[in-house]
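Read-outs throughout are calculated quantities, based only on the coordinates presented, and are distinct from any laboratory measurement. Predicted, not measured: the structure shown is a model, and the values here were computed from it. Quick reminder, even Gly has a Cβ in these numbers, built from the backbone with ideal geometry, and neighbours come from all protein chains shown.
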Amino acid sequence: EVYFEAEDEALLQERPPVVTIMGHVDHGKTTLLDSIRNTKVTAGEAGGITQHIGAYQVVENGKKITFLDTPGHAAFTTMRARGAKVTDLAIIVVAADDGVMPQTVEAINHAKAAEVPIIIAVNKMDKPSANPDRVMQELTEHGLVPEAWGGETIFVPISALKGEGIDSLLEMILLVSEVGELQANPGRRAIGTVIEAELDKGRGSVATLLVQDGTLHVGDPIVVGNTYGRVRAMVNDLGRRVKDAGPSTPVEITGLNDVPQAGDRFVVFEDEKTARQVGETRATSALQVQRSEKTRVTLDNLFDQLKQGEMKELNLIVKADVQGSVEAMAASLMKIDVEGVNVKIIHTGAGAITESDVSLAAASNAIVIGFNVRPDVNAKRAAEAEGVDIRLHRIIYKVIEEIEFAMKGLLDPEFEEKVIGQAEIRSTFKVSKVGTIAGSYVTEGKITRDSGVRVIREGIVVFEGEIDTLKRFKDDAKEVAKGYECGITIKNFNDVKEGDIIEAFVMEEIERK
Ligand code: GDP
């Protein structure tokens, strides 16, 4: 592979930090990104018109800082799941009047999982209701103890709206990055990551690249994900044409044969022929840098890894219907004691399993455990695409047992649940003596008379039990397939509602390996 040249220590130079801004919705991420850009970018760049290319650079005390211009942790983790580590430092914005909210915790866990240092920007300090002490208190509970209280986390009070505290925030970013000793070799051929890409009517494929090492030049033969070409033109974040882009610089380029994806890596080659060859091979998937099944942690291959002595840490994400169950589950899981394996819970939360959970799992090689909850549609799709193992349970000891068994490398469970179909409840009828009939439409697979059923309301399992009757029109049916309507009554459960999902499952014996 010609991808990586050996790094010559003597040629390494300091490079600017790359910063991502995360936090709860409406806490001021976008306002902060705009505020930094407006107060800093145009200064000294008379006439420079900032252009949205997915990232921008500012200068503070003579030093550059690169900001990724997509607020939120979704983009951050999507990139990480694709194997790219672009962020050196995360700013987590917390509104001082609102305090720590669910997405604040999510952002913290995403940053921690990526092992990226965190700076807290306590925003909206201009508001009379601002309560920075409460923010510090709440974050302390999440392990982020302010320096003022003897901890290690830097808190900077700001008002993104009024542009107050921005200078101190930037100074702190530089301080924290100095500790990280960020370096690159500007002399080598460029490598980096796609920040965003699109098809432009006039210009063709347009991609914003973050150069992470080396220098990118106009005319360079380049492979970007599964696309390739020669860098035709480069535009910087001020909308100016440039010929070169050094480490930590974002640039928009044209000249690729197709549109790459955010998170794809790029590599410059010595000649166009090689770039074309590699690009074409990759496009035909032989070299696609996709996560191989082997590297995934699933309970199935956990055992093998244990046997080979590879596994040291089992990362888990725990979701449950209510906070109380989350805590109970987490506590029990932490107690599992198997030699050679550490259980590490990297994220917890109440509510359905979301796409964000799945991408965090993919990026961190974690297993997602759902207790009385289900993945939503996007999460399901993402889990399939990324090969993330989601384990769904309704009884705590079963979860513990399963994880413990897998960790000990004992046995696979003898029986495994298999979901065979889904139906949507479209109307309900109360019939005396019979109960409530769920007028349903089978949307996936089939429902059989003897299958177990689960009633799911907004991602939460509200009941699990057995079918009492299954009818097509007036007749009893043994099974009803996808695309057909049926009437279902459930044993001991009459509280079905329009819009509920009925999931049918059977227990299947699994072969022992
Ligand atoms: P995001 O969802 O985190 O990107 O939040 P936005 O940047 O869109 O901000 C949400 C709302 O909070 C907007 O109405 C902003 O004007 C307001 N806002 C953001 N920062 C501040 C601030 O420092 N002070 C005050 N008073 N309002 C702010």
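Which cross-chain or sequence-distant (5 or more) residues have an amide H under 5 Å from the amide H of Ser205, H modelled 1.01 Å from N in plane?
Asp200, Gly255, Leu256
For segment 137-171, which GluC sites (Glu not before Pro) are both in a DSSP coil and crowded by at most 15 other Cβ atoms within 10 Å?
Glu141, Glu152
Using the count of nearby Cβ atoms within 10 Å as a rough guide to exposure, how do Val506, Val399 rank from fewest to most?
Going from sparsest to densest Cβ surroundings: Val506, Val399.
Apply 1/(1 + (r/R0)^6) to the Cβ-Cβ distance of Arg230 and Thr469, taking R0 = 60 Å, and write down the FRET efficiency to the nearest 0.05.
The calculated FRET efficiency here is 0.30.
Treat the count of other C-beta atoms within 10 Å as a stand-in for reagent exposure and order Tyr56, Tyr441, Tyr228, Tyr397 from fewest to most.
Least to most surrounded, the residues fall as Tyr397, Tyr441, Tyr56, Tyr228.
Pop out the ³J(HN,Hα) list for segment 466-482 in order, Karplus 6.51 cos²θ - 1.76 cosθ + 1.60 with θ = phi - 60°, rounded to Hz; leave Gly and Pro as x.
10, 6, 8, 9, 10, 10, 9, 6, 8, 9, 5, 10, 7, 8, 10, 8, 3
For Ala55, enumerate residues with amide H under 5 Å from its amide H, sequence gap 5+ or separate chain, H modeled in the peptide plane.
Answer set, sorted by chain and number: Asp69.
Filter the GluC sites (Glu not before Pro) in segment 438-502 to those in DSSP coil with at most 14 other Cβ atoms within 10 Å of their Cβ, and list the result.
Sparse-neighbourhood loop GluC sites (Glu not before Pro): Glu458, Glu498.
Quick one: which residues, 5+ away or cross-chain, put their amide H under 5 Å from the amide H of Asn123? H built at 1.01 Å from N.
Here Val94, Ala95, Ala96, Ile158 satisfy the definition.
Please compare each pair in Lys63/Lys273; Lys162/Lys201; Lys124/Lys380; Lys124/Lys497; Lys85/Lys243 to a cut-off of 32 Å on the Cα-Cα distance and tell me which ones are over it.
From Lys63/Lys273; Lys162/Lys201; Lys124/Lys380; Lys124/Lys497; Lys85/Lys243, over 32 Å: Lys63/Lys273; Lys162/Lys201; Lys124/Lys380; Lys124/Lys497.
In whole angstrom, how far apart do the alpha carbon centroids of segment 220-253 and segment 326-377 sit?
That distance is 39 Å.
Rg and Dmax of the chain, Cα atoms, in Å?
According to the Cα coordinates of the chain, Rg and Dmax are 26.4, 85 Å.
In deg cm²/dmol, rounded to 500, what helix-only [θ] at 222 nm does the chain give when every DSSP H run of at least 4 residues adds -39500 (n - 2.57) and the total is split over its residues?
My calculation for the chain gives -7000 deg cm²/dmol from helical runs alone.
Mind checking which aspartates and glutamates have their Cα closer than 18 Å to the Cα of Lys478? Skip sequence neighbours fewer than 8 apart in that chain.
Cross-link targets: Glu444, Asp450, Glu466, Asp468, Glu503.
At 0.36 nm per residue, minus the direct Cα-Cα distance, what do Ala74 and Glu141 gain on full extension? Give it in nm, one decimal, please.
Additional length available on full extension: 21.7 nm.
Counting other C-beta atoms within 10 Å, and keeping those with at most 16, which DSSP coil GluC sites (Glu not before Pro) do you find in segment 187-288?
Glu270
Please give the FRET efficiency for Lys335 paired with Thr443, using the beta carbon to beta carbon distance and R0 = 45 Å, rounded to the nearest 0.05.
Efficiency computed from Cβ-Cβ geometry: 0.70.
7 Å from Cα along Cα→Cβ at both Val506 and Ile400: what's the point-to-point distance in nm?
3.3 nm
Calculate how many DSSP beta bridges within the chain are antiparallel, expressed in % of all such bridges and rounded to the nearest 5.
70 percent
With r as the distance between the Cβ atoms of Arg240 and Lys127 and R0 = 45 Å, compute the FRET efficiency 1/(1 + (r/R0)^6) and round to 0.05.
Using R0 = 45 Å, I get an efficiency of 0.75.
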